[in-house]
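Trainee: One structure, as structure tokens, below. Some questions next.
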Amino acid sequence: MRTTEETEGFDGEASNTSMISGASSPYQPTTEPVHARNVLGGIRCDVEYLKSYFGILKVVEVVLSLIAFICIETIMMCSPCGGVYFFEFVSCSAFVVTGVLLLIFTLNLHTKVPHINWSLTDLVNTAVSALFFFLSSIVLSCINHNTGAEIAAVIFGFLVTGVYGINTFLAVRRWRRGNGCQGAAQTSEYIRARTASRGEMESRPELA
């Protein structure tokens, strides 16, 4: 029979062995809390944007573009069809792009990608949409068969052109104001750095 001392010795060795194996095991228990990633964190509906001029204009643009697209889609026969196809492409593209931008700004998704100049992106979209809607409406008004769908499409085309034009004007003002503030900030930083450098030179004449 093993004596009490031998039993205690074996118990100590077993304890040491378990500690060593536990230390070398890659699966160590941890007391750090595990935080689940919130993928939708920070995404919320910006009601203030929808109430602003840009939000209201975006909603009107999306609705009018959709109505113009529906009107042009109801045309069953056309000859020639170049004006119809051109207007169809413009109205569909404007509806999709403007709708995506409206969704991005409403859900504050643009804050997740800060390296993109969203003001300039919105300006380019509104200016291009206004230009192409104007051209496609003129072409469709010149080449049509005076059907109700074509006349309605032309009317809504010119209406949405006007809305895009107003949005372009406001977007240009916002973009210029943003660039002016950025330039003023850079100028003030440069003046502050020059003042600090001049003060250091005056306090340390040996650097001159």
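Trainee: How many residues are within 24 Å of the chain's Cα centre (by Cα) and open to solvent by less than 40 Å² (accessible area, probe 1.4 Å) if we restrict to the stretch 64-92?
Mentor: The total comes to 4.
Trainee: Just one of the numbered conditions (1) open to solvent by 20 Å² or more (accessible area, probe 1.4 Å); (2) within 16 Å of the chain's Cα centre (by Cα); (3) at pLDDT 95 or above; (4) not small (Gly, Ala, Ser) is not true of THR111; which one?
Mentor: If we test THR111 against (1) open to solvent by 20 Å² or more (accessible area, probe 1.4 Å); (2) within 16 Å of the chain's Cα centre (by Cα); (3) at pLDDT 95 or above; (4) not small (Gly, Ala, Ser), just (3) comes out false.
Trainee: Would you tally the residues in the stretch 41-63 being open to solvent by 70 Å² or more (accessible area, probe 1.4 Å), of a type outside the set (Phe, Trp, Tyr) and touching a residue at least 12 places away in the same chain (Cβ under 8 Å)?
Mentor: Residues meeting the conditions: 2.
Trainee: Here is a further query. Yes or no: ASN144 at pLDDT 55 or above, closer than 26 Å to SER129 by Cβ and either assigned to a helix (DSSP H, G or I) or acidic (Asp, Glu) (or both)? Let's see the steps before the verdict.
Mentor: Numbers: at pLDDT 55 or above: yes; closer than 26 Å to SER129 by Cβ: yes; either assigned to a helix (DSSP H, G or I) or acidic (Asp, Glu) (or both): no.
Answer is no for this residue.
Trainee: Which of the residues belonging to the stretch 129-145 are open to solvent by less than 70 Å² (accessible area, probe 1.4 Å) and free of Cβ contacts under 8 Å to residues at least 24 places away in the same chain?
Mentor: Once the filter is applied, which keeps residues that are open to solvent by less than 70 Å² (accessible area, probe 1.4 Å) and free of Cβ contacts under 8 Å to residues at least 24 places away in the same chain, the stretch 129-145 yields ILE138, SER141.
Trainee: Return the residues of the stretch 146-161 that are open to solvent by 40 Å² or more (accessible area, probe 1.4 Å) and closer than 17 Å to GLU61 by Cβ; say none if nothing qualifies.
Mentor: Answer for the stretch 146-161, where residues must be open to solvent by 40 Å² or more (accessible area, probe 1.4 Å) and closer than 17 Å to GLU61 by Cβ: ILE155, PHE156, PHE158, LEU159.
Trainee: Using the structure shown, decide if ARG173 is at pLDDT below 60 and in a helix (DSSP H, G or I). Give the derivation first.
Mentor: Values: at pLDDT below 60: no; in a helix (DSSP H, G or I): yes.
In short, no.
Trainee: Right, another one. Being open to solvent by less than 70 Å² (accessible area, probe 1.4 Å), closer than 14 Å to GLY55 by Cα, modelled with pLDDT of 95 or more and of a type outside the set (A, V, I, L, M) is the requirement here; does THR106 meet it?
Mentor: Taking the combined requirement at face value, the residue does not satisfy it.
The values are calculated or read from the model by the stated rules, or taken from the named source; none is laboratory data. This one's a predicted model, so the numbers in the text were calculated from it and none came from an experiment. Every residue, glycine as well, gets a Cβ built from its backbone with ideal geometry; the counts of neighbours run over all protein chains shown. These area figures cover heavy atoms from the full protein model, side chains too; ligands, DNA and RNA do not enter into them. Shrake-Rupley method; radii C 1.70, N 1.55, O 1.52, S 1.80 Å.
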